[in-house]
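Visitor: I am attaching a structure below and will ask some questions about it afterwards.
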2 protein chains.
Amino acid sequence: MALIHAILSALSERACSGYDLAKQFDGSVGFFWKATHQQIYRELTRLEEKGLVSAEIISQEGRPDKKLYRVTERGRKFLADWIAQPSSMSPVKDELLVKLFAGHLVEKGIIIAELERHRHQHLERLSAYRQIEQKYFADPQALDLDEKFRYLTLRNGIGYEQEWLAWCSEAIAFLS
Amino acid sequence: MALIHAILSALSERACSGYDLAKQFDGSVGFFWKATHQQIYRELTRLEEKGLVSAEIISQEGRPDKKLYRVTERGRKFLADWIAQPSSMSPVKDELLVKLFAGHLVEKGIIIAELERHRHQHLERLSAYRQIEQKYFADPQALDLDEKFRYLTLRNGIGYEQEWLAWCSEAIAFLS
DNA sequence: TCACGCATGTAATCCGTTACATGATTCC
DNA sequence: GGAATCATGTAACGGATTACATGCGTGA
């Protein structure tokens, strides 16, 4: 029930084509809401039918035309209404934890290797976040309000990855 | 692609009816993989067709019959093979972060109130986890290997909730 | 010439959610 | 009498995933 909201949120940052949006969902918004290009094109069509976004066809030289989507006033109101509604914490869905739950069915070394692999992945993700932080959010207090909100989502990601790193290390030590 | 694995993981702990499983998915496994009873009954039927679980009908007095499901040898091997395959970190999917991303569209007070509501929810979840920890995992080093793995999933949940609490507080302070 | 980036879509399948449906027992 | 618990399912719909499909331009 929230992909349309994620798309409107991403579009409210700036007007985008479906293609541009798909790339945004592979970074920035994509760090906390995933979507494939097929989902995006389908939803954009529906959003246009409902009048929540408007499309403008842009002719380009040497490249296929593109449809530039913009959030309409109605779309902005629709999004704002959704944001204002209280919601519950999103459920966790994590494969690694499912694996651990039945971890005794395989050799301990396999689990430890998997934990180390994940530790490494979270480390890489964390350093990517840190680079974004240094590049765009060096002085948080000086940011505009909209940037402050984006900054907070990044801070959430940083804390999340740090916590995973700490847990992986704890788990490896505990099992060794 | 992992609901069947989550069901097999839960069933590998002990034989269960569909009804029992549905309750387990509302706690323990359910803390990191959600499933409704309809999903569970559907998957159990399929798992039985594939020979990964076997069912035994138990007649009960004063209560409807129940089907007790057990993981078969093939099922155990199927699960173990899946666990041994390396996997990537599970994607995050979080509504609150989507809301924040476009948070400038509503009054700041609405966002702060939402952050406070979430802070409270995470606090409650954390204290539930802490109670489980004290009750069943008071002496972690003394646990059997299978219990150690469950303990680690709980430790993950505790760290996760603590991190969310810290972030909510940081975000509220930052916006105030 | 071959891969990659830009740009948009259809089709099929599977997973998840919600509502509907039944029926006995136990506890307040 | 009504709500909650035990126990299992069907039906309909909508969301997500994957594969298939096209076609031009640019740079190695």
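The values are calculated or read from the model by the stated rules, or taken from the named source; none is laboratory data. Please read all numbers here as calculations on a predicted model, not as lab measurements. Glycine gets a Cβ as well: all are built from the backbone with ideal geometry, and neighbour counts include every protein chain shown.
Visitor: What single numbered condition from (1) crowded, with 17+ Cβ neighbours inside 10 Å; (2) at pLDDT 95 or above; (3) farther than 25 Å from B:Glu114 by Cβ; (4) within 14 Å of DNA strand D (Cβ to nearest atom) fails to hold for A:Lys66?
Guide: (2)
Visitor: Mind checking which pairs have a first residue in region A:124-150 that is closer than 13 Å to B:Leu105 by Cα and a second that is of a type in the set (Gly, Ala, Ser), Cβ under 7 Å, 6 or more apart or different chains?
Guide: Final answer for the pair search is A:Phe149/B:Gly103.
Listed here are the residues, each with its yes/no results for (1) within 30 Å of A:Gly75 (Cα to Cα); (2) more than 14 Å from chain A (Cβ to nearest Cβ); (3) among the acidic types (Asp, Glu).
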{"site": "B:Gln38", "(1), (2), (3)": "no, yes, no"}
{"site": "B:Thr45", "(1), (2), (3)": "no, yes, no"}
{"site": "B:Glu49", "(1), (2), (3)": "no, yes, yes"}
{"site": "B:Lys67", "(1), (2), (3)": "no, yes, no"}
{"site": "B:His122", "(1), (2), (3)": "no, no, no"}
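Visitor: Continuing with the same structure: Against the conditions (1) away from DNA strand C (no atom under 13 Å from the Cβ); (2) closer than 25 Å to B:Phe149 by Cβ; (3) more than 13 Å from chain A (Cβ to nearest Cβ), where does B:Gly18 fall short? Just the number, please.
Guide: Evaluating B:Gly18 over (1) away from DNA strand C (no atom under 13 Å from the Cβ); (2) closer than 25 Å to B:Phe149 by Cβ; (3) more than 13 Å from chain A (Cβ to nearest Cβ) leaves (1) as the failure.
Visitor: May I ask you to list the residues in region A:72-96 that are away from DNA strand D (no atom under 14 Å from the Cβ) and assigned to a loop (DSSP other than H, G, I, E, B)?
Guide: Selection gives A:Thr72, A:Gln85, A:Pro86, A:Ser87, A:Ser88, A:Met89, A:Val92.
Visitor: Tell me, which residue of region A:6-15 that is closer than 14 Å to A:Gln39 by Cβ and small (Gly, Ala, Ser) is farthest from DNA strand C (Cβ to nearest atom)?
Guide: Residue satisfying both the conditions and the ranking: A:Ala6.
Visitor: Can you name the residue in region A:27-69 that is polar (S, T, N, Q) and more than 15 Å from A:Ile7 (Cβ to Cβ) and is also farthest from DNA strand C (Cβ to nearest atom) among such residues?
Guide: Going through the qualifying residues, I end up with A:Ser59.
Visitor: Continuing with this model, one more query. Report every pair of residues separated by at least 6 positions or lying on different chains whose Cβ atoms are under 9 Å apart, first residue within region A:31-46 and in contact (Cβ under 8 Å) with a residue 60 or more places away in the chain, second within 9 Å of DNA strand D (Cβ to nearest atom) and among the aliphatic types (A, V, I, L, M).
Guide: Pairs that qualify, where the first residue is in contact (Cβ under 8 Å) with a residue 60 or more places away in the chain and the partner is within 9 Å of DNA strand D (Cβ to nearest atom) and among the aliphatic types (A, V, I, L, M), are A:Phe32/A:Ala6.
Visitor: Count, please, the residues in region B:103-114 that happen to be in a helix (DSSP H, G or I) and without any contact (Cβ under 8 Å) to a residue 60 or more places away in the chain.
Guide: Counting residues in region B:103-114 that are in a helix (DSSP H, G or I) and without any contact (Cβ under 8 Å) to a residue 60 or more places away in the chain gives 7.
Visitor: Here is a follow-up. Within region B:136-156, does at least one residue satisfy the condition of being at the interface with chain A (Cβ under 7 Å from one of its Cβ atoms) and either β-branched (Val, Ile, Thr) or farther than 22 Å from B:Ser9 by Cα (or both)?
Guide: yes
Visitor: Scan (1) within 24 Å of A:Ile132 (Cα to Cα); (2) within 15 Å of DNA strand D (Cβ to nearest atom) for the single condition A:Glu49 breaks and write down its number.
Guide: Just one mismatch for A:Glu49, condition (1).
Visitor: Sticking with this structure for a sec: Can you name every residue in region A:70-118 that is in contact with a Leu (Cβ under 8 Å, 6 or more places away or on another chain), farther than 23 Å from B:Leu3 by Cα and of a type in the set (S, T, N, Q)?
Guide: Result: A:Thr72, A:Ser87.
Visitor: Would you point out the residue of region A:5-30, among those that are within 13 Å of DNA strand D (Cβ to nearest atom) and in contact (Cβ under 8 Å) with a residue 24 or more places away in the chain, that is nearest to A:Leu152 (Cα to Cα)?
Guide: Within region A:5-30, the match that is nearest to A:Leu152 (Cα to Cα) is A:Ala6.
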